[in-house]
1. Leaving out ligands and nucleic acids, and using a 1.4 Å probe, what accessible area per residue does the stretch 117-188 come to in Å²?
2. Answer rounded, prolate or oblate for the stretch 55-195, using the Cα gyration tensor with square roots of eigenvalues a ≥ b ≥ c: rounded when a/c is under 1.5, else prolate when a/b is larger than b/c, else oblate.
3. What does the highest-first list of 94-103, 184-193, 68-77, 51-60 look like by mean Cβ count within 10 Å?
4. Working from the alpha-carbon coordinates of the stretch 66-108, get Rg over Rh, Rh being the Kirkwood radius.
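The values are calculated or read from the model by the stated rules, or taken from the named source; none is laboratory data. Quantities reported herein were computed from a predicted structural model and do not represent experimental measurements. Neighbour counts run over all protein chains shown; Cβ positions are idealised from the backbone, glycine included. The accessibility values were calculated without ligands, DNA or RNA, using every heavy atom of the protein model including side chains. Shrake-Rupley method; radii C 1.70, N 1.55, O 1.52, S 1.80 Å.
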Amino acid sequence: MVGKDNRAAVDGYEAGAKGVLGLRIKGRALTPKVAVVAVANEAWMWWEALWRWMPGRLGRLLRVPLYKPFLRRSGRVWIPEHVHIFEPWNLELGDHVRLGRYSVFTCTGGIRIGSNVMMGPMVVLVTTSHAFDDDDAPMWTQGLTSAPIEVGDDVWIGSGVTITGGVRIGRGAILGAGSVVTKDVPDFAIVGGVPARVLRYRSPEGGLAHHGSTTPAP
């Protein structure tokens, strides 16, 4: 039996569940476009699950032609086992890109990765976040916001790095292992920490002088 104090919470939960199942998906009104995207995501996740576990060189060789038709754009890429890509049609990969094992890419807001980019394992690039402006409604009912992520050419992303939506990683940057990157990273900067900050630059000249970079340090 539900106590009086919990009745409102239960009623809200039941109404929210009905909305998700009936008229809403993840807080968004169920329009034809939302429905098509939901069906496409479901189909992709089943397809991805068939192939992402395959280990070794053979697994990497098989995954590339099986994944490429779903990507917005892709050059020569390295896709190891257990990489998860959500909404791959919003992902652009340049040439000579090496993704990291057990990495996650939530591409709803769009992810563009340049050429000659290498990643360690368990990297997370997430372009979405939960809306939370309404204090009177559960956050899971308020929908999602999204913003793109851009990674420049010749970037090294260490293991366990998280990059949030709306961030641009400059050319030649190095992101230290375990960093949480919430702001733009200048060209040729080395960053680390939670949240990430500039530790130094790859040359004594610094970001503005190095190779004609025009991206200022934060």
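1. For the stretch 117-188, the per-residue accessible area is 46 Å².
2. Oblate, because a/c is 1.5 or more while a/b does not exceed b/c.
3. Descending mean neighbour count gives 184-193, 94-103, 68-77, 51-60.
4. Using only Cα positions, Rg/Rh for the stretch 66-108 is 0.91.
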